[in-house]
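A single structure is presented below for examination.
Values in this text are rule-based calculations from the coordinates and carry no lab data. What you see is a predicted model; the values in this text were computed from it and never measured. So basically every Cβ, Gly included, is an ideal-geometry build from the backbone, and we count neighbours across all protein chains shown.
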Amino acid sequence: MKLTLKLFFFSLFLCLNEPILAQSSETQVKKDSIEEKKSVSKDIRKEDGVMSYNWNSGKITFGGVIHRTVMYVADGINNDIFFMDSEQPPTQLKMNIENNLNDNISVFGKFLIGLQSNRPIEVSQDNKNPGVVFRAIISEVGFRHSKIGSIELGRGFTSSSVFNQADLSGTSTGSLIAIGNLAPGMKFSDRDANELSDRQVFNYFFDTQRLFVADRIRFDSNSFGGGFTLAGSLAADDRWDASLRYFPKAGKFTFRGVVTYEQKPFKDIYSRTVLGFGLRHEKSGVNISALGSYGETTDKRDPYGYVVKAGVTRSFTELGNTAFSIDYTQNEDAVIEGEKASSYGFFANQRIDPIRVVVYAGYRKYEVQETDLNLHPLNTVTLGVSFSF
């Protein structure tokens, strides 16, 4: 009898409290849902100006750049204004995905799509508005090992592209050390014929239209020996390159050194070797960067050249660094034997870090001397804005 009464009262207690228990369970589910949403919202955030989403084993990031320039060009016969995109860097959208397989190994994918209206390599005095270009700059998959390095397969930067990293001037957005990149498609005017020639800036001056981006397989070692890194790429048609970087830890000075070799980088160029360095005093911001190149062509020419760039980077306001630079370059035998080309320029860059904008302005003069052609120098004045997101 006592057992029966106990069971009766226990059943009654459960019936009376069922709504309370159900409500408590529902409340706990809602709390768990809210916490989960909070957890996810914490993982979706802005990192370095790009949207980033993290999960337990990986991360995906989205970002891009809008880069526009206005350029005044005086070619010795005509003066004109051109509205262009840029090649340093181009307007682009990018997405990176990385997934960790374990503590040592991860797999990643990279997409970078160029969206350029009036791409500089296509803009010239007789082709002012070539139109819109959509191109896959990077589309690759790779694996990274924490103790060995990384390997990438697909379209992307080759190992020799690291020469640009030697530039410590702070003005690379407006004045890349590959100085032919500013106005590569512009043509020189023929003094004797009083008309445009077929010679363009990229024919003579160091630019990134060589073995820079390609469909390739690339390996990069981890850093060793206090800042050394080895890399190599293999592409179709027996094209390949290799590079050695030395980026030691910064102290009072920041130093970067690069050596690259390219096999069949561009049309008639059979091989090319580039040596470069950058040195910056951190307290004063005074810096110097330089590149030297030597190559061999299929018609037995030996083109060579150098670029020297000096500048200063200072922080005058809380908005971001202000940088000034001046540079000089000279090349020989780039197109024909006996030809000489030179250029100098000075640029100013202003970073506005809170809104991720860089504003720059500068002047550059290109000059070429050939035995069979009498070419006017080419003068450019550039104003540009780059916005990263």
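Relative contact order for segment 287-389: what is it in percent, counting Cα pairs under 8 Å that are at least 6 residues apart?
18
About the Cα centre of the chain, how large is the charge dipole given +1 on each Lys and Arg Cβ and -1 on each Asp and Glu Cβ? Please answer in debye to the nearest 20.
2020
Now, a different point. Would you work out which of Y261, I288, V307 lies farthest towards the positive end of the dipole of segment 236-316, given +1 charges on the beta-carbon of Lys and Arg and -1 on that of Asp and Glu, about the Cα centre?
I288
What is segment 291-389 by shape, rounded, prolate or oblate, if you read a ≥ b ≥ c off the alpha carbon gyration tensor as root eigenvalues and call it rounded for a/c under 1.5, prolate for a/b larger than b/c, and oblate otherwise? Before the final figure, lay out the partial values.
Numbers: a/c = 2.97, a/b = 2.41, b/c = 1.23.
Taking the square roots of the gyration eigenvalues as a ≥ b ≥ c, segment 291-389 is prolate.
Give the peptides 123-131, 233-241 in descending order of average Cβ contacts within 10 Å, highest first. Walk me through the intermediate numbers first.
Values: 123-131: 14.4, 233-241: 16.7.
Those peptides, ordered most packed to least, come out 233-241, 123-131.
Add -39500 (n - 2.57) for each DSSP H run of 4 or more in the chain, then divide by its residues: what number comes out at 222 nm, to the nearest 500 deg cm²/dmol?
-4000 deg cm²/dmol
Going by a ≥ b ≥ c, the root eigenvalues of the Cα gyration tensor, does segment 178-270 fall in the rounded group (a/c under 1.5), the prolate group (a/b larger than b/c) or the oblate group? Can you show the working numbers first?
Details: a/c = 4.12, a/b = 1.77, b/c = 2.32.
Note, shape of segment 178-270 comes out oblate.
Determine the alpha carbon to alpha carbon distance for each of K94/K300; K94/K147; K94/K264 and list only those over 31 Å.
Numbers: K94/K300 41 Å; K94/K147 27 Å; K94/K264 29 Å.
Violating the 31 Å Cα-Cα cut-off are K94/K300.
I'd like to know which of Y366, I336, F324 lies farthest towards the positive end of the charge dipole of the chain, counting +1 on Cβ of Lys and Arg and -1 on Cβ of Asp and Glu.
Highest projection toward the positive end goes to F324.
Around T297, which amide H atoms from residues at least 5 apart in sequence, or from another chain, sit under 5 Å from its own amide H, with H modelled in the peptide plane?
Amide H to amide H, under 5 Å and 5 or more residues apart or across chains, T297 pairs with Y270.
Give the relative contact order (percent, whole number) for the chain; include only Cα pairs under 8 Å separated by 6+ residues.
Rounded, it is 13 percent for the chain.
Between segment 261-288 and segment 318-389, how far is it from one alpha carbon centroid to the other, in angstrom?
The distance from the Cα centre of segment 261-288 to that of segment 318-389 comes to 16 Å.
State to the nearest 20 debye the size of the charge dipole of segment 73-200 about its Cα centre, where the only charges are +1 on K and R beta carbons and -1 on D and E beta carbons.
480
Mean projection of the alpha-carbon convex hull of segment 49-388 over all orientations, in nm²?
Details: hull surface 70.1 nm².
Answer in nm², one decimal: 17.5.
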